[in-house]
Amino acid sequence: MSSASGDAARPRTPATNDETTTTDKPADPAARPPRGGMFGSLRVRNYRLFFMGSMVSNTGTWMQRVAQDWLVLQITNSSTAVGITTALQFLPMLLFGLYGGVIADRCNKRMLLLITQASMGLVGAGLAVVTLAGQVHVWHVYLAATLLGLITVLDNPARQTFVSEMVGQGAIRNAVSLNAANFQTARMIGPAVAGIVMGAAGAGWAMAVNAISFVGPLTGLLLMHSRDLQPGPKASRGKGQLREGMSYVRQHPELIWPIVLVGFIGTFGFNFPVILPAFASKVFHTGATQFGLLNTAMAIGSLVGALLAARRRTSRMRMVVFTAVAFGALEALSALSPSYWIFFAVLIVVGALGLSTNTMSNQTVQIGADPAMRGRVMGLYMLVFAGGTPIGSPIIGWVTETWGARVGLAVCGLISLLAAATIGMILARVAGLRLKVQLGNGGRIVALVPREGAERSDRVAAAF
């Protein structure tokens, strides 16, 4: 069992594992930390296989989401039923997300991903079969959503922490950013393909394509060279590991505050599925096509944000805070957009800032966490980020329905802005820094400088 003390945060030599490493062969050059550049991690063969497989399955997953919601609406003619389906898929993460991180720390992550990806494919295939057979009922969709949510509890922390095993500690930032770009690209492609397939053959065939898409990641995982992976130490089985992980995060402010920031933004700032339909129909009085374009604007901006984050060699916490402040401020201001196309253009920038905040926070937490604790830390990260959706969405939905879409969006942005500014001040104080504004000869100078006589955390000061 690893220690939760400050010593646990220091880098450790990866443990040798018979299943994943060989010590009598030199590592493939491709497994070394890649050179810089936006797509540097793709030079690593194992990560390249993972990336391509993920692109296929992510596209299928977005097809499944569109087909699933459409199918529920056809069966029940109820938007509430669609909301229940979404809630059932997120609820397991809210309830069991931390336990998923504990299991990820104990297991061979590659093997765990093989199991979770195969299980997701089987669930998708089962739903496709009953749909194509004309025997589908809404409880089938509810059951499939719940099963997928339970599998995701294990898949998310394993997927997040497996990145460092493929590319090494030095390339985590780039690989995390490319994962986000991968997901956002699929977000643009998947719904469009789903629309074509559903229009031509029905929702069942879109679900069938999703089930087949899991062949991509399974093939990639099986083709990887085990000797080139860099596994971290596994946590031994024992009592109190969940409590140990929580204690570890509490003792490291450079981890807990980025997680808190992502929690606020995930719970309140990312409520666009609630806000955008109201803007399209009630503010700008447009139809389904224009509503779809607003989602496309968000996806384009998110992709741009992920690619820009991939170019960065470093991402200090002050940059995370600054980007989060900019995201909240612009989101609030976008509520005042006087026309549809101005709103469309602003959403691209909002999407880029939001995705950059999330990606850089993910990078900061993964790099700052001890490898033996990384699964539990990322389990908490995903719990806070995704688990807040069932909480924030009803609140923002009520605000939007009561006072209108503009007020709802402004509230989302202002809460994000306030949270980011407050957390920024807390981190600066913990780091023993203060903001200095000097008007001088060369113009205005704004800088963070040490506070005289202030106690500080060296770890936070180094990261901030």
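FYI, it's all coordinate maths here, none of it is from the lab. Since this is a predicted model, take the numbers as computed values, not measurements. Cβ placement follows ideal geometry from the backbone for every residue including glycine, while neighbour counts extend to all protein chains displayed.
Distance between Cα centroids, the stretch 245-279 to the stretch 335-414: provide it in whole Å.
Result: 7 Å between the Cα centres.
Among 47-58, 352-363, 334-345, how do they line up from the highest to the lowest mean number of other beta-carbon atoms within 10 Å? The partial results should precede the final answer.
Working: 47-58: 21.7, 352-363: 26.7, 334-345: 15.5.
The most tightly packed comes first, giving 352-363, 47-58, 334-345.
Give me a comma-separated list of calculated 3J(HN,Hα) values for the stretch 190-205, in order, Karplus coefficients 6.51, -1.76, 1.60 applied at θ = phi - 60°, integers in Hz, x for any Gly or Pro.
Values, residue by residue: x, x, 5, 5, 4, x, 5, 5, 5, x, 8, 9, x, 5, x, 6 Hz.
Can you give the three extents of the C-alpha atoms in the stretch 136-284 along their principal axes, from longest to shortest, in whole Å?
Principal-axis extents of the Cα atoms in the stretch 136-284, largest first: 50, 43, 34 Å.
Projected area of the stretch 40-79, taken from the Cα convex hull and averaged over every viewing direction, in nm²? Write down the numbers at each step before the final one.
Working: hull surface 13.6 nm².
Mean projected area of the Cα convex hull: 3.4 nm².
Dividing the convex hull volume of the alpha carbon atoms of the stretch 35-237 by its residue count, what do you get in Å³ per residue?
Working: hull volume 23.8 nm³, N = 203.
Roughly 117 Å³ of hull volume per residue.
HN-Hα J couplings of the stretch 391-396 from phi, Karplus 6.51/-1.76/1.60, θ = phi - 60°, integer Hz, Gly and Pro as x?
Result, rounded to whole Hz: 8, x, 4, x, 5, 5.
In percent, what relative contact order does the stretch 35-237 have, based on Cα pairs under 8 Å that are 6 or more apart in sequence? Please list the in-between numbers first.
Working: 265 pairs, mean separation 91.3, N = 203.
Answer for the stretch 35-237 is 45 percent.
So what is the relative contact order for the stretch 248-429, in percent, with contacts set as C-alpha pairs under 8 Å and at least six apart? Could you put the intermediate results ahead of the total?
On the way: 244 pairs, mean separation 76.5, N = 182.
For the stretch 248-429, the relative contact order is 42 percent.
I need to check one value: relative contact order of the stretch 323-397, counting alpha carbon pairs closer than 8 Å and at least 6 residues apart, in percent.
Details: 24 pairs, mean separation 20.1, N = 75.
Over the stretch 323-397, the number comes to 27 percent.
Ranking request for peptides 212-219, 243-250, 180-187: highest mean number of other beta-carbon atoms within 10 Å first, then the rest in descending order.
Descending mean neighbour count gives 180-187, 212-219, 243-250.
When a/c is below 1.5 the answer is rounded, else prolate if a/b is larger than b/c, else oblate, so apply that to the stretch 123-209 with a ≥ b ≥ c taken from the square roots of the Cα gyration tensor eigenvalues. Walk me through the numbers on the way to the answer.
Values: a/c = 3.91, a/b = 1.80, b/c = 2.17.
Oblate, because a/c is 1.5 or more while a/b does not exceed b/c.
Under unit Cβ charges (Lys, Arg +1; Asp, Glu -1), what dipole magnitude, rounded to 20 debye, does the stretch 206-353 have relative to its Cα centre?
On the way: 12 positive and 4 negative charges, 115 e Å.
The dipole of the stretch 206-353 has a size of about 560 debye.
Given the Cα atoms of the stretch 263-411, and with Rh set as the inverse mean 1/r over their pairs in the Kirkwood sense, what is Rg to Rh to two decimals?
Details: Rg = 16.1 Å, Rh = 16.0 Å.
Rounded to two decimals, Rg/Rh equals 1.00.
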